[in-house]
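Visitor: Okay, handing you the structure first.
The values are calculated or read from the model by the stated rules, or taken from the named source; none is laboratory data. Given the structure is predicted, the values throughout are model-derived calculations rather than measurements. For neighbour counting, all protein chains shown are included, and Cβ atoms are generated from backbone atoms with ideal geometry for every residue, glycine included. Protein only, heavy atoms only, side chains kept; ligands, DNA and RNA dropped before computing areas. Shrake-Rupley method; radii C 1.70, N 1.55, O 1.52, S 1.80 Å.
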Amino acid sequence: MSGHGELEENSETGEGFSPGVLFRRYRTPLTAFATLLIFCLVGYAIMQLTDEVRYDDVVEALAETRLSSILLALFFTALSFLALVFYDLNAIDYIGKRLPFPHVGLTAFSAYAVGNTAGFGALSGGAIRYRAYTRLGLSPEDIGRIIAFVTLSFGLGLAAVAAIALLIIADEIAPLISVNSLWLRIMAAAILAVLGSLMVLGREDRVIEIGPIALRLPDSRTWSRQFLVTAFDIAASASVLYVLLPQTAIGWPVFLAVYAIAVGLGVLSHVPAGLGVFETVIIASLGSAVNIDAVLGSLVLYRLIYHVLPLLIAILAVSATELRRFVDHPAASSVRRIGGRLMPQLLSALALLLGVMLIFSSVTPTPDQNLEFLSNYLPLPMVEGAHFLSSLLGLALVVAARGLGQRLDGAWWVAVFSAVAALTLSLLKAIALVEAAFLAFLVFGLFVSRRLFTRHASLLNQAMTASWLMAIAVIVVGAVVILLFVYRDVEYSNQLWWQFEFAAEAPRGLRAVLGITIISSAIAIFSLLRPATFKPEPADEEAVRRAVEIVEKQDSADANLVRMGDKSIMFSEKGDAFIMYGRQGRSWIALFDPIGEQHAVQELVWRFVEAARAAGCRAVFYQISPALLSHCADAGLRAFKLGELAVADLRTFEMKGGKWANLRQTASRAQRDGLEFAVVEPADIPEIIGELSAVSNAWLEHHNAKEKGFSLGAFDPDYVTSQPVGVLKKDGRIVAFANILVTAAKEEGTIDLMRFSPDAPKGAMDFLFVQIMEYLRAQGFMHFNLGMAPLSGMSKREVAPVWDRIGGTVFEHGERFYNFKGLRAFKSKFHPHWQPRYLAVSGGGNPMIALMDATFLIGGGLKGVVRK
């Protein structure tokens, strides 16, 4: 592919190196670094707030929690998650869709179970919904509206609940946080005033624009109903922690306000699951009224009951559907398919959670009675080794968690080995029965869902993204904070590193932290400094020949663009399918769906995304069909509507009837003007290639245009002579032509290059189209692909995403730059069926940048795009 240096320079550096450009380019790593910094500050704050607290006091307070309190906490957890399911039900109702309750319930429950536990990257609630709801037939636009509805309703509802609580009980909260009650009421009133203004300004479906953010609130009935759901959810989840706290003078309304603020700050911090941030706010607020050791014990139980338990229940529910594969009932089969989409993410979250558990347990002391028992039966080196290795196995589970979410078979094996080994070592190091039970549950889930992990990819070749590196760093920092908290009374000395005794708990924890820090640093360095494992190169003649053989056996006529030889080609492992793609700037852009056998599609999507990521680039799929969306969702890509493809049914195409009157008149006029149509077969094209070249050059000069590429063909003799060409002649001279792209399957035909002499009669384009369609119908082809109308069919509903609203505005008012409406109007003459086409972008990438890179790739750089 020629000109890549120019293209990359224009795309990546054309804007200079202003702070805004640099921030947009490095936003993801900068956000990850800021999150880590916040967590470090939170860790320091916790150490200061718990200065008088000792680990043994926390353990004692934890043990004194009453069974009735735990049962109440379980009850309120169930109520909270029931309310969370209604978030999705209301969102689906709001966008005018209907889905079976079991599917929505399982998806929503799993999304919140995973999001509450991890809450970043592929382990976020939005990513879980995207994977499940695509399988249920919802479009990316619909799923985007659901995610926006859920997010907005929770955020606004949380703010409203906190403000109302502050306004009512400011006098009781003020002493807890040392702030004047008047200021609290003023702040609460300001929040409610802003929310009220939003409601007033957003009535009657009006859009509210706040800087770059555009909001369109639902109607008052939907908003009121959802506010009640959100308030009920927050009240129930707050009650989970409230009933776990010891008897205190703090009333439930006061605690509700504190809890809402803590949750909000945890979300805003971007720390996974708000870990540390939430605890800091609770401790700082309640520390003066409740013993801090009791608060810490309650927080540990709260995390277990409200965060861990739902994840285990979700895995158990999906495992039950997997174990009942023999059930033939359609509903059971449908739920099982949804479960299959969710299980890898559920197991990924559990593996991450148990990895953290192993790491944190390595820096906490073993109960004295357990150590005494072990000392009677095991030698010290075995206990020391088990303790150290279990922490490293925890880190292995954290790394494997990412691969599990991507369905890697290598990650499955690593997770199984690590879990089984850690299970054994947990008994050898501390007789940790709870740890062993959790690990056994993970092994059970992995074996039940073995069939889902079939992707043959090396775990070592998976570059860790910034969000995963941030998560690992947060875990390591958390382990250090816990170590310092637990052994704050142990004076540090260099001798600690070399103390090996059954009672020497601090040295064991110190060595474990050192081990995971060294290995984590090595993983980070390997991920950040590793060279690109695959560099795209233009396809050679042999690769193009193999690709053409595949194209001939399948249905897509557009796939013949591989004959241009200007794109790289990635073949499937069996060589029976391929992706053609190009690189522009930091985007690897795949053209169309993978071509070839369907069984290879998922593998190719994953391989392409991984190769782009390994090269430090974003993966982009351009002009893909709805059929590919579920595979893109599995690979962590987000889809955005690009336009609509016009496909005419040749089986019903005939120039009769009133709706074809205009085209009949155009064809008759063209024949009266002396135009003659003929199809030239590939073997005879070399005889007229000179005439075709003259027409092409005249067309380019007349339109002040240059040859395009990538998704459009260029006038290259080898390309033009590879397929039939339809020509129009006037007085024996060729005045127009179009190359006809077909495959042996005869499912569809299309055209690519369409060139006219400046003196071609008016209406020649319509006449050429009609004649080619009649020729293809006579040859037995079923459909005619008229190409895509960019930005056509964008949603105009009141809940349309920002991308659709921008695209719709450009479509309606962008005639100065491109004939969007005219192109659709021309294709509409042939009464086609309109099929949506999408742009899919990986890693939360900006779709505008990806679309701009695709435009540069097609146009031959910035100059080509500006020129035409």
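Visitor: What ranking do 34-46, 555-567 get when scored by the average of other Cβ atoms within 10 Å per residue, highest first?
Guide: Highest mean packing first, the order is 555-567, 34-46.
Visitor: Let me ask something else. Could you give the C-alpha radius of gyration of the range 587-706 expressed as a fraction of 2.2 N^0.38 Å, taking N as the number of residues it contains?
Guide: Normalised by 2.2 N^0.38 Å, the Cα Rg of the range 587-706 equals 1.62.
Visitor: Going by average Cβ neighbours within 10 Å, how do the peptides 481-494, 584-597, 763-776 rank, with the highest at the top?
Guide: 584-597, 763-776, 481-494
Visitor: Rolling a 1.4 Å sphere over the protein heavy atoms, what is the accessible area per residue of the range 531-595, to the nearest Å²?
Guide: 40
Visitor: Further question: What is the spin-label model distance, in nm, from LEU37 to GLU676 if the labels are put 7 Å beyond Cα along the C-beta direction?
Guide: If labels sit at LEU37 and GLU676, their model points lie 7.7 nm apart.
Visitor: Given a Förster distance of 35 angstrom, what is the FRET efficiency for THR652 paired with ALA705, based on the Cβ-Cβ distance and rounded to 0.05?
Guide: Calculated transfer efficiency: 0.50.
Visitor: According to a simple spin-label model (label point 7 Å from Cα along Cα-to-Cβ), what is the distance in nm between MET382 and ALA189?
Guide: With each label point 7 Å from Cα toward Cβ, the separation is 7.1 nm.
Visitor: Right, another one. For the range 559-652, what % of the accessible area comes from carbon and sulfur atoms, probe 1.4 Å?
Guide: 42
Visitor: Rounded to two decimals, what ratio of Rg to Rh does the range 406-450 give with C-alpha atoms and a Kirkwood Rh?
Guide: 1.03
Visitor: Counting only protein heavy atoms and a 1.4 Å probe, tell me what percentage of the range 476-516's accessible area is made up of carbon and sulfur.
Guide: 64
Visitor: So, how do all the Cα-to-Cα distances of the range 708-790 break down into 10 Å bins, in percent, from 0 on up?
Guide: So the P(r) values, bin by bin, are 16, 48, 33, 3.
Visitor: With every protein chain kept in place and ligands, DNA and RNA left out, what is the accessible area per residue of the range 616-716? Probe 1.4 Å, answer in Å².
Guide: Per-residue accessible area for the range 616-716 comes out at 45 Å².
Visitor: Calculate the spin-label point distance for ASP93 paired with ALA744, positioning each point 7 Å from the Cα along the beta-carbon direction, and give it in nanometres.
Guide: Going by the 7 Å Cα→Cβ label model, 5.6 nm.
Visitor: A follow-up question, please. Once R0 is set to 60 Å, what does the formula 1/(1 + (r/R0)^6) return for the Cβ-Cβ distance between ASP716 and PHE447, expressed as a FRET efficiency to the nearest 0.05?
Guide: 0.65
Visitor: Now for a different question. Give, in nm to one decimal, the length gained when the segment between ALA694 and ILE70 is fully stretched (0.36 nm per residue of separation minus the Cα-Cα distance).
Guide: In short, 216.2 nm is gained.
Visitor: Still on this structure: For the range 690-731, divide the Cα radius of gyration by the Kirkwood radius and give the resulting Rg/Rh value with two decimals.
Guide: Ratio of gyration radius to Kirkwood radius: 0.97.
Visitor: What full-extension length gain, to one decimal in nm, is calculated for VAL179 and ALA440 as 0.36 nm per residue of separation minus the Cα-Cα distance?
Guide: Gain on stretching VAL179 to ALA440: 89.1 nm.
Visitor: Another question, then. At R0 = 25 Å, how high is the FRET efficiency between THR454 and LYS553 if r is their beta carbon distance? Nearest 0.05 is fine.
Guide: 0.55
Visitor: Hey, what did the range 567-674 get for relative contact order, percent, Cα under 8 Å, at least 6 apart?
Guide: 19
Visitor: Is there a pair in LYS730/LYS762; LYS656/LYS730; LYS762/LYS827; LYS641/LYS708 whose C-alpha atoms are over 19 Å apart, and which pairs would that be?
Guide: Beyond 19 Å between Cα atoms: LYS656/LYS730; LYS641/LYS708.
Visitor: Moving on to the next point. Around LEU245, which amide H atoms from residues at least 5 apart in sequence, or from another chain, sit under 5 Å from its own amide H, with H modelled in the peptide plane?
Guide: none
Visitor: So for each of 752-759, 696-703 I average, over its residues, the number of other beta carbons within 10 Å; can you give me the resulting order with the highest mean first?
Guide: 752-759, 696-703
Visitor: Pull out a ≥ b ≥ c, the square roots of the eigenvalues of the alpha-carbon gyration tensor of the range 239-314, then state rounded if a/c is under 1.5, prolate if not and a/b is larger than b/c, and oblate in the remaining case.
Guide: The shape class here is oblate.
Visitor: What do the square roots of 5 times the Cα gyration tensor eigenvalues come to for the range 38-180, in whole Å, largest first, as semi-axes of the equivalent ellipsoid?
Guide: Semi-axes from the Cα gyration tensor: 36, 20, 17 Å.
Visitor: With no solvent and one point on each alpha carbon, what is the Debye value of log10 I(q)/I(0) for the range 603-662 at q = 0.19, 0.24, 0.26 Å⁻¹?
Guide: -0.76, -1.02, -1.11
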